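The values are calculated or read from the model by the stated rules, or taken from the named source; none is laboratory data. Remember, predicted model here, so these are calculated numbers, not experimental data. Cβ sites come from the backbone with ideal geometry, for glycine too, and all protein chains shown count toward neighbours. With ligands, DNA and RNA removed, areas are computed over all heavy atoms of the protein, side chains included. Shrake-Rupley method; radii C 1.70, N 1.55, O 1.52, S 1.80 Å.
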Amino acid sequence: MARLKILMFISPKVDAQNVNHELTTRLAHTLQDVADVDLKTSWSEMDSEALKAYHIIHIFGCWNLPSARLLNKAHHLHIPTVYSPMGGLQPWVIRQHRTHYDYSLQRQVIQKASAIHLCSNLESEKFGTLGWNSRTALIKNPILTSLITFEQMAAMMLSLYEKVLNTHARLLLSDHSCEAIGHLMELGVDRDVLFDQKHCEAMRQNLVLLDTTDWQRIFLYAADEGITEVLKKGLDRIQFVAPEVVIEQIDRFSSTHHYVEGDLKDSELCYPHPSTIDKLNELLKPQESQERAVCTQLINLKQEMGRGEAPMLHLANIYCSFRFTEMDEDRLCDVVREMGLSDFAERLMAVLSDVMRLSEGFQPFKTRDDRGYQDMKTDITKFNTWA
């Protein structure tokens with residue numbers, strides 16, 4: 001991974017305590033050997049572009065507006081954060097803020113943080129009872145214990161930063177990476193793309209632009225979304241050798257997301273409802289098996305997306321259905337309309353056209369390119385969203 005650029009922020013109120021000042025100053029100094037670190041007690045002069053220059057922002061201390069505003073700003077700008085409460089969330093401290101507005105604000109800030117750094121076993125134990133954020137790391141304070149040196153703390157903190165960045169691989173995908181994922185998915189399931197030599201050459205030129213960090217994030221994303229083999233098939237067909245990424249050796253926080261496993265089902269509904277099944281049986285004849293399979297996939301995909309359970313693999317599956325299934329498109333459109341799926345299907349056409357280049361000749365529905373399509377694209381790809 002490239003040399004990290006880190007912003008450390010500690011408010012003047014928190015920095016006024018000698019132990020906090022010494023910790024942040026010495027930690028920043030020790031990290032300078034392996035990262036570019038800026039330690040600040042004010043960020044009011046920094047605009048969004050200045051903040052976006054940092055890979056990660058580390059905030060120290062609780063119960064102050066500058067820290068809360070910085071974390072909220074970082075979250076809005078898609079910059080991962082580490083938050084060190086510095087003992088500020090111990091029960092006897094929290095009790096002083098129970099009736100104040102800043103209690104609610106502090107809880108929201110902790111929940112948005114990418115990871116929480118805790119300095120002692122007691123702090124870790126008490127923080128766990130709050131249930132505000134499960135992504136925690138215990139790295140002790142060398143000023144308060146002789147069991148760890150600043151060099152060791154710096155190494156552990158750097159590992160924590162990398163763990164946070166790896167956890168948020170999909171958030172940090174570059175535009176070139178997102179484009180590469182869609183195009184490799186298309187080629188991975190559709191060999192005929194190779195006949196478009198101009199497109200394949202443009203794809204190779206885009207792949208060359210990706211560095212080792214880009215490829216690591218692409219394969220982390222692919223592992224989460226069930227498309228690793230699809231991407232590898234695309235790479236094999238275009239004869240491009242990507243850097244090897246061993247997912248099992250990369251440290252990440254556990255995901256809280258649950259996806260439907262396996263390919264998108266076309267023979268049964270994932271969330272069956274008697275009225276839906278009855279309507280399908282009423283609309284479709286027994287011999288219209290292909291149309292039934294595609295309708296079933298559309299229903300399943302819509303319901304999965306509504307529950308946040310649709311992996312990117314299922315976009316590749318529905319692409320294959322439209323691209324390779326012989327069916328009566330007029331009948332399909334009629335059934336989809338009667339099932340109340342027209343809006344969903346039309347926006348899906350726009351997503352498939354945009355992400356995987358499904359051509360108009362294989363689109364049974366008209367394309368609806370509106371705000372709803374943009375939301376659908378985000379929901380199914382999860383590109384540049386928080387994990």
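A few notes on this one:
- Probe 1.4 Å - accessible area at W43, Å² to nearest ten: 40 Å²
- P(r) of the chain over all Cα-Cα pairs, binned every 20 Å from zero, in whole percent: 25, 45, 26, 4
- For a label point 7 Å along the Cα-to-beta-carbon line of E329, residues of segment 335-374 with backbone N under 12 Å: 359-367
- Tensor-based shape of segment 235-374 (alpha-carbon gyration tensor, a/c under 1.5 rounded, otherwise prolate or oblate): prolate
- The chain, relative contact order in percent, only Cα pairs under 8 angstrom and at least six apart counted: 13 percent
- Using the Cβ of G87 as centre and a radius below 11 Å, the other residues enclosed give a net charge of 0, where K and R count +1 and D and E count -1.
- Residue order for V93, V208 - accessible surface, 1.4 angstrom probe, largest first: V208, V93
- Distance between modelled label sites at T256 and R191, nm, 7 Å Cα→Cβ extension: 4.4 nm
- The residues of the chain have, on average, 49 Å² of accessible surface per residue, using a 1.4 Å probe with all protein chains present.
- Between 0 and 90 degrees, the angle of helix 274-283 with respect to the longest Cα principal axis of the chain falls at about 30 degrees.
- Figure note: F60, F344 ranked by solvent-accessible area, largest first, 1.4 Å probe, ligands and nucleic acids not counted: F344, F60.
- When a 1.4 Å probe is rolled over the protein heavy atoms, the share of accessible surface on segment 188-268 that falls to carbon and sulfur comes to 44 percent.
- Across segment 108-164, the relative contact order, built from alpha-carbon pairs under 8 Å that are at least six residues apart, equals 32 percent.
- By the helix-only formula, in which each DSSP H run with n ≥ 4 contributes -39500 (n - 2.57) and the sum is divided by residues, the chain has a 222 nm mean residue ellipticity of -16500 deg cm²/dmol.
- Taking the C-alpha atoms of segment 87-238, convex hull volume expressed per residue in Å³: 148 Å³
- Measuring nothing but how far apart in sequence close Cα pairs (under 8 Å, 6+ apart) lie, relative to its length, segment 120-269 scores a relative contact order of 25 percent.
- For segment 37-154: rounded, prolate or oblate by the Cα gyration tensor [a/c cutoff 1.5]: oblate
- Dipole magnitude for the chain: about 1560 debye, using +1 per Lys or Arg Cβ and -1 per Asp or Glu Cβ, origin at the Cα centre.
- Ranked by the mean number of other Cβ atoms within 10 Å of their residues, highest first, the peptides 241-248, 138-145 fall in the order 138-145, 241-248.
- Dipole orientation for the chain: of the candidates L313, L158, L264, L158 has the Cα lying most toward the positive pole (charges on Cβ; Lys, Arg +1; Asp, Glu -1).
- D330 accessible area, assembled protein chains, probe 1.4 Å, Å²: 120 Å²
- Where a label projected 7 Å from the Cα of D175 along Cα→Cβ would reach, residues of segment 186-202 with amide N under 18 Å: 202
- Applying 0.36 nm per residue to the separation of N121 and K366 and subtracting their alpha-carbon distance, the gain on full extension is 82.3 nm.
- Here T228 sits with roughly 40 square angstrom of accessible surface, probe radius 1.4 Å.
- Prolate/oblate/rounded call for segment 20-104, Cα gyration tensor, a/c under 1.5 rounded: oblate
- Most to least packed among 345-353, 100-108 [average Cβ atoms within 10 Å]: 345-353, 100-108
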